[in-house]
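Peer 1: So that we are looking at the same thing, I have put the structure below in structure tokens.
Read-outs: derived from the displayed coordinates by stated rules, not from any lab. Being a predicted model, the structure only gives us computed values, none of them experimental. Please note: Cβ atoms are built from the backbone with ideal geometry, for glycine as well, and neighbour counts cover all protein chains shown.
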There are 2 protein chains.
Amino acid sequence: MDDNKVKIIFQPSGRRGEVSKGISVIEASRLLGADIEALCGEKKVCGKCKIRIEEGSFETYGVESQPSHVSPWQEEEDKFINSEERQTGYRLGCVSKVLKDLLIFVPEESRAGKQVVSKAARDIYIEHNPAVKLCYVEVEKPTFEEPTGDYERICAELEKKYGLNDLTIDIEALRQLPTALRRGDWKVTVSVWMDREVIRVRPGQSNQSYGVAIDVGTTTLAAYFCNLATMEVIDTVSMMNPQCKYGEDVMSRITYHMMNDDGLEKMNRDIIEALNSIIDQAIEGTYPQKRKVKKKKGEEGVDEWQEVPEEGKIYLRLTREDIEDITICCNTAMHHILLNLDPEHVGLAPFPPVIHHSLDIKARDLGLSVNPSSYVFVLPNEAGFVGADNVGVLIAEEPYHKDEIQLIIDIGTNGELVLGNKEKLISSSCATGPALEGAQLSFGMRAAPGAIERIKIDPDTHEVDYKVIGRDAWRMYSEPQKMRAKGICGSGILDLLAELYKSGIVTKTGVFNKKKQKSDRFRRNPDSGQNEFVLAWAEETSIKKDIVITQKDVRQIQLAKGALYAGCKLMLQRLGVDEVDKVKIAGAFGTHIDREKALIMGLFPDCAIEKIVSVGNAAGDGCRAALLNREKRTEANWISRNVEYIELTVEENFQEEFMRAMHLPHMTDEFPHLKGLVPEEILNQK
Amino acid sequence: MDDNKVKIIFQPSGRRGEVSKGISVIEASRLLGADIEALCGEKKVCGKCKIRIEEGSFETYGVESQPSHVSPWQEEEDKFINSEERQTGYRLGCVSKVLKDLLIFVPEESRAGKQVVSKAARDIYIEHNPAVKLCYVEVEKPTFEEPTGDYERICAELEKKYGLNDLTIDIEALRQLPTALRRGDWKVTVSVWMDREVIRVRPGQSNQSYGVAIDVGTTTLAAYFCNLATMEVIDTVSMMNPQCKYGEDVMSRITYHMMNDDGLEKMNRDIIEALNSIIDQAIEGTYPQKRKVKKKKGEEGVDEWQEVPEEGKIYLRLTREDIEDITICCNTAMHHILLNLDPEHVGLAPFPPVIHHSLDIKARDLGLSVNPSSYVFVLPNEAGFVGADNVGVLIAEEPYHKDEIQLIIDIGTNGELVLGNKEKLISSSCATGPALEGAQLSFGMRAAPGAIERIKIDPDTHEVDYKVIGRDAWRMYSEPQKMRAKGICGSGILDLLAELYKSGIVTKTGVFNKKKQKSDRFRRNPDSGQNEFVLAWAEETSIKKDIVITQKDVRQIQLAKGALYAGCKLMLQRLGVDEVDKVKIAGAFGTHIDREKALIMGLFPDCAIEKIVSVGNAAGDGCRAALLNREKRTEANWISRNVEYIELTVEENFQEEFMRAMHLPHMTDEFPHLKGLVPEEILNQK
């Protein structure tokens, strides 16, 4: 290795590479295509480029406490990084220079460009029956004749007016009661959970009641912040799962736990911290943005922050106390780590989870900072890695109420499959890895401004047209320097492989077909020695580098799609059906998916294109359904024990099917519906 | 005031007085009769005399953080007092010299002589039906055919074997489950609370299950440590309520909360700390005592502690984890402070509590260090200050099942009265203060070795005979210096007033009758100017001072007994009965009480002596009944709402009755049963 080069990995994006010794972390991030915010243009005054040095050296992993692989602390950093943060490795990206190999974590708030929430909430029908309901009661003041206690006073009214009896009250809510009653002049709003427990008492009348449904994905966290009274989704917040630094998929995280005494504790702490930060973001969104108002010359005091409300917008100005219910879904491994349950056994055959059943846990017992009396409902697990997230998909899509046979594919770092109808449902999971979510590829990125999300390749010239998030015009209608492309996100990846295949750039085996290349976009990278194809030239990018897809990237995508395809195929065999009535594609990028491209690249067995529908983040929708309708919680427990789980890896022909499925669709007999979508000579290639 | 004297108050005993400037805290405590342990004889090597400086000066109450009213810190103290303790004011009594006025708190462990637990558990009949039950299950290992989760596996067996269904599991217990199952080779013991929730999972088979019933009194805490399986009381531990430093009775503690922003928080922290320390003591008692083994000359290392088991004794060697259930009873004010509920309103007319109903609270939510999943059952409150402790008395004595009319008097800092039978029960409370418990009198002390517990006064000579705790022989059969009397405890106080009255030393109004004195024991104290009567001469004491009862002391006792008597009288009037079928005396010193003396001094309206019974610490017994039989919890809630509470202070003739009741029994018509017990001329005195 070149003595003047150092190796850098940025987390959670996974961007990595060698850079020259002595450049700043910000410069390195730009060269490697990692997003770091740098508002002030590296003038060391905005403090937006905070990063955390995770490991100072890859050789002495986790040994040194003060990584010396970056340049020493600078005075300017004192303003933005407190001593506690400093101890845990925080630095400013603009002043820290890379001296030796580094693993750097870029916190959510330091990443440039807010993620475009592809996990948006869909309009699904949910009956209004939340677990937390508001009851307004007016009671008489105590007198010598009737000196009954505060709690019994409101209980009597709750029974009379709402028919609620045998109520209990959380100790934290009980502590609020005497003051609330007297401040409200003996009129209070009581939040009752499951018609069973009083979890909040507020003075006066209120109809404000909020909850959050959270989909904890292996790579991405998505939270739906809902008004429990109106069912409205007030905000959707998403961020990367910070556990990514312990491993990209569930198995590597389970391994991290098994190899490190404090592994589970660390991963648990990180996810809880992340959920609290997501909740904070949701709360912050209910206030106007703030602007720093500089004090005038001669004025005393310091600069102040002033609210800048948008005209006509109503701000709810909520507090954490206002969040009175939470529902969470996730796969089994994430479930165990989130709840601090030993995930070792769910990672070892025959993969038994610690628990299937749903759980009601006090938010305070998990360390979540919301209303102190509120509960977290954790959806039940199915089996193996098919966890509460798939149960979420099921209660959102309800295939168990339908005659038609549905194949539901939930694409995530762990792919989850459901097949069947009201007669029988089977489920399984396959390790797709994060490639289809836009991670781990040379220029993969999350769905944020600058991400290439749509791609067309001209079959005759191999010229590329594309569209980036945050800009409406396609490349061919834009000046090159206006594109400012940064990388490629999930939906772009699907498009890309389909287009590369259709236009003959890669063969059915996924190899770049050197003989068929028609443009200078195809080339051999002199540094890596790999073949690659240029999607966007340096001048069109904001990272000042050609954005390419390499042979290795294509392999990654093939592995992911192969796992899904083989899974679907084996499931169909297991259920004894040849074709399905509907294919539903769910997942982070489900709403953006081009069903034609998905069919062409062979994500799932051939079927008529009109049978394919995108259902968006169905897991999140199911989680939201459980938040807004408590009956859905019962339904979740019922269905979780009534889906038959298939362990794909132990199926006899798994390995064979998987190898076959790595290929792109060919041989017309097996793919009748590709006729007309893909040129005959491509499908018929030998 | 003499410039060379300083004022000292010792808490919780309340002992106070002036001492010479410059003497050690230990010397001061000896002069004032406060108990401080000094094993090493002030050689500064045992560290047993730890005390806490509460306030450095009475003028600047609570202002100074570093009280300078004691001599500076000495090197020797470092060995026994850590820096945290030092910051909160801990010192060694032997090295700290008093320089200015001081308020000193003597922690339980530094008090000389273990309290003789008068709150011993009585044999009462309790049906065995604890809230926590142990279930032993054996399950099959998971296989590919049956990969069901750990929890569902044990649930299936719990249903099959014990008929338990719809169980939930506490998150902490769930975290133990996977390891317990595998360590126990798929055989585990499951602790189930109320047939509803799994709160513990242990590998293998166990029949060890423990609980604690705690009576939180205003002045004294008493804990009954029980085996839930055998119902056996393993240990009884008691200590002073550390809240005594905030005030001796409930009203002064409520006032302390109202006057101090952090008052409730401080009192709550103190009681929780005390309960944890009581639990620690109970746990420690299951191990052999330890002895320090000095290393031999030339040997390496430090001195070691070695266990010294008593021969033939079996040690349970329990941990805090082994305590799986707790029940607590206390008066309403103590209840609110314990649960961190605002006690302000229960102290203001019409005295409504925050809650009457019983509570099931996770021990962890109260900060109690026992099994993390276990619950604390807090008994329900009646009304006003008549709290869960009286409910304890009721479910122990069950007057609601009897035909006979019972008057139950629970003597504590707050006296609580119940009157009635299965037709009707009424209750009330009266502020007796701590005098009858042995506190606040010049030489009052708790029931510990050296306390005078029995007194006889010869009516002809006024010679005094007495007995102290820890010595079987009475004074008249002992050499004076062997008595080593220290003070007078609760039962001694009752004896004392009855004897003083019977022998004519005090009149019916409680005044020392100067004309009738027959010995030199009666005198006027030149310092205080008060009349006093000597019970024990200095040579018979360990404090080297005459133990006396002063005119002021007699007044204190009269106030207490007057409050009780008036309360009983008004209750009888309210129920419309002239006499009762039974008088039950409960309370800390209930087991030791001499019923004849209680009758003579007029604790309650006249009745035949055979109708009087002592029922010991009935509140604690009821609390224990609720621990061992969950049906008693339901009964407690029922009876707490079915006793009619009488607010005595608003009864029309309360003041008048109270004034009358201060007098000692006289006028034979009203006290027919005193005939023969008290000389006629005393009863008939004008």
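Peer 1: Among the helices of chain B (complete DSSP H runs), which have Cα atoms covering no less than 30 Å along the helix axis and a Kyte-Doolittle mean of at least -1.0?
Peer 2: Taking the DSSP H segments of chain B (at least 30 Å long, mean hydropathy at least -1.0), we get B:263-284, B:551-575.
Peer 1: Sticking with this one: In percent, what relative contact order does segment A:532-588 have, based on Cα pairs under 8 Å that are 6 or more apart in sequence?
Peer 2: Numbers: 30 pairs, mean separation 11.5, N = 57.
Normalised by residue count, the contact order of segment A:532-588 is 20 percent.
Peer 1: Taking a label point 7 Å from Cα toward Cβ, how far is B:Trp537 from its twins in the other copies, in nm, shortest first?
Peer 2: The answer, with the shortest distance listed first, is 12.0 nm.
Peer 1: Taking every residue in B:341-352, how many Cβ atoms of other protein chains lie within 10 Å of its Cβ, on average?
Peer 2: Mean inter-chain Cβ contacts per residue within 10 Å come to 5.
Peer 1: Could you work out how far the C-alpha centroid of segment A:573-644 sits from that of segment B:447-469, in angstrom?
Peer 2: 88 Å
Peer 1: Count, for each residue of A:173-183, the Cβ atoms from other chains sitting within 10 Å of its Cβ, then give me the mean as a whole number.
Peer 2: 4
Peer 1: Let me check I have the definition right: for segment B:445-548, take the eigenvalues of the Cα gyration tensor, multiply each by 5, take square roots. What are those semi-axes in whole Å, largest first? Before the final figure, lay out each step's value.
Peer 2: Working: eigenvalues 95, 44, 34 Å².
Semi-axis lengths for segment B:445-548 are 22, 15, 13 Å.
Peer 1: Between A:Ala538 and B:Lys161, what is the spin-label point distance in nm, taking each point 7 Å from the Cα along the Cα→C-beta axis?
Peer 2: 7.2 nm
Peer 1: Test of the criteria: in segment A:290-379, which GluC sites (Glu not before Pro) are in a DSSP loop and have at most 15 other Cβ atoms within 10 angstrom of their Cβ?
Peer 2: Loop-located and lightly packed - A:Glu299, A:Glu300, A:Glu310, A:Glu311.
Peer 1: OK, next. Quick one: putting +1 on the C-beta of Lys and Arg, -1 on the C-beta of Asp and Glu, what dipole do you get for chain A around its Cα centre, in Debye to the nearest 20?
Peer 2: So the dipole magnitude of chain A works out to roughly 2180 debye.
Peer 1: On to the next question. 7 Å along Cα→Cβ for the label point: how many nanometres lie between B:Glu300 and each equivalent label in the other copies, listed shortest first?
Peer 2: Listed shortest first, these distances are 6.7 nm.
Peer 1: Right, something else. Output the antiparallel fraction of DSSP beta bridges having both residues in chain A, as a percent to the nearest 5.
Peer 2: The antiparallel proportion sits near 70 percent.
Peer 1: If you put +1 on each Lys and Arg Cβ and -1 on each Asp and Glu Cβ, how big is the dipole of the protein assembly as shown around its Cα centre, in Debye rounded to 20?
Peer 2: Roughly 3080 debye, rounded to the nearest 20.
Peer 1: Separate question: Report the local net charge at B:Asp195: Lys and Arg +1, Asp and Glu -1, summed over other residues whose C-beta lies under 11 Å from its C-beta.
Peer 2: That works out to +1.
Peer 1: Which of A:Ser68, A:Gly504, A:Gly22 sits farthest toward the positive end of the charge dipole of chain A, with +1 on the Cβ of Lys and Arg and -1 on the Cβ of Asp and Glu?
Peer 2: Selected residue: A:Gly22.
Peer 1: Contact order normalised by length for segment B:187-264, with contacts defined as Cα pairs under 8 Å and 6 or more residues apart; what percent is it?
Peer 2: On the way: 112 pairs, mean separation 14.0, N = 78.
Computed over segment B:187-264, the figure is 18 percent.
Peer 1: When you look at the Cβ of every residue in A:149-159, what mean number of other chain Cβ atoms sits within 10 Å?
Peer 2: Shielding by partners across A:149-159 averages 4.
Peer 1: Still on this structure, I have one more. If you keep only loop residues by DSSP, which chymotrypsin sites (Phe, Trp or Tyr not before Pro) in segment B:227-333 have at most 12 other Cβ atoms within 10 Å of their Cβ? Don't skip to the answer; put the middle values down first.
Peer 2: Values: sites: B:Tyr246, B:Tyr256, B:Trp305, B:Tyr315; in loops: B:Tyr315.
When the chymotrypsin sites (Phe, Trp or Tyr not before Pro) of segment B:227-333 are filtered for loop state and at most 12 Cβ neighbours within 10 Å, B:Tyr315 remain.
Peer 1: Continuing with the same structure: Which three extents, in angstrom, do the Cα atoms of segment A:158-274 have along their principal axes, listed largest first?
Peer 2: 57, 32, 25
Peer 1: Could you compute the net charge surrounding A:Thr319? Neighbours are other residues with a C-beta less than 14 Å from the C-beta of A:Thr319; K and R count +1, D and E count -1.
Peer 2: -1
Peer 1: So what's the convex hull volume per residue for the Cα atoms of segment B:531-686, in Å³?
Peer 2: In segment B:531-686, the Cα convex hull volume per residue is 177 Å³.
Peer 1: How long are the semi-axes of the ellipsoid equivalent to segment A:338-456, from square roots of 5 times the Cα gyration tensor eigenvalues, in whole Å, largest first?
Peer 2: Equivalent-ellipsoid dimensions as semi-axes: 27, 24, 17 Å.
Peer 1: Would you mind checking the pairs A:Lys7/A:Lys516; A:Lys100/A:Lys486; A:Lys362/A:Lys402; B:Lys456/B:Lys582; A:Lys362/B:Lys48; A:Lys50/A:Lys266 and listing those with alpha carbons more than 31 angstrom apart?
Peer 2: A:Lys7/A:Lys516; A:Lys362/A:Lys402; A:Lys362/B:Lys48
Peer 1: Taking the Cβ of A:Leu177 as the centre, find all other residues whose Cβ is under 12 Å away and add up their charges (Lys, Arg: +1; Asp, Glu: -1).
Peer 2: The answer is +1.
Peer 1: Peptides B:600-609, A:332-341: what's the order by average Cβ count within 10 Å, highest mean first?
Peer 2: Packing order, densest peptide first, comes out as A:332-341, B:600-609.
Peer 1: For chain B, with the dipole built from +1 on Lys and Arg beta-carbon atoms and -1 on Asp and Glu ones, taken about the Cα centre, which of B:Ala431, B:Ala156, B:Phe10 lies farthest toward the positive end?
Peer 2: Farthest towards the positive pole: B:Phe10.
Peer 1: Something else now. So if we plug the beta-carbon distance of A:Leu99 and A:Gln530 into 1/(1 + (r/R0)^6) with R0 = 22 Å, what FRET efficiency do we get, rounded to 0.05?
Peer 2: According to the calculation, E is roughly 0.15.
Peer 1: So how compact is segment B:132-203: Cα radius of gyration and Dmax in angstrom?
Peer 2: Cα radius of gyration and Dmax of segment B:132-203 are 11.1, 35 Å respectively.
Peer 1: Take every Cα pair under 8 Å in chain B that's 6+ residues apart, average their separations, divide by the length, and report that relative contact order as a whole percent.
Peer 2: RCO, chain B: 12 percent.
Peer 1: Right, another one. Show log10 I(q)/I(0) for chain B at q = 0.05, 0.09 Å⁻¹, two decimals, from a solvent-free Debye sum over equal Cα scatterers.
Peer 2: -0.26, -0.84
Peer 1: Using unit Cβ charges (K, R positive; D, E negative) and no other charged atoms, how large, in debye to the nearest 20, is the dipole of segment B:506-634 about its Cα centre?
Peer 2: So the dipole magnitude of segment B:506-634 works out to roughly 300 debye.
Peer 1: What FRET efficiency, computed as 1/(1 + (r/R0)^6) with R0 = 25 Å and r the Cβ-Cβ distance, is obtained for A:Lys422 and A:Glu670, rounded to the nearest 0.05?
Peer 2: Given R0 = 25 Å and the Cβ-Cβ separation, E is 0.30.
Peer 1: Just going by the charge dipole of the protein assembly as shown, with Lys and Arg at +1 and Asp and Glu at -1 on Cβ, which of A:Leu167, A:Pro242, B:Leu570 is farthest out on the positive end?
Peer 2: It is A:Pro242.
Peer 1: Compute for the protein assembly as shown: radius of gyration divided by Kirkwood radius, i.e. Rg/Rh, restricted to C-alpha atoms, rounded to two decimals.
Peer 2: The Rg/Rh ratio comes out at 1.07.
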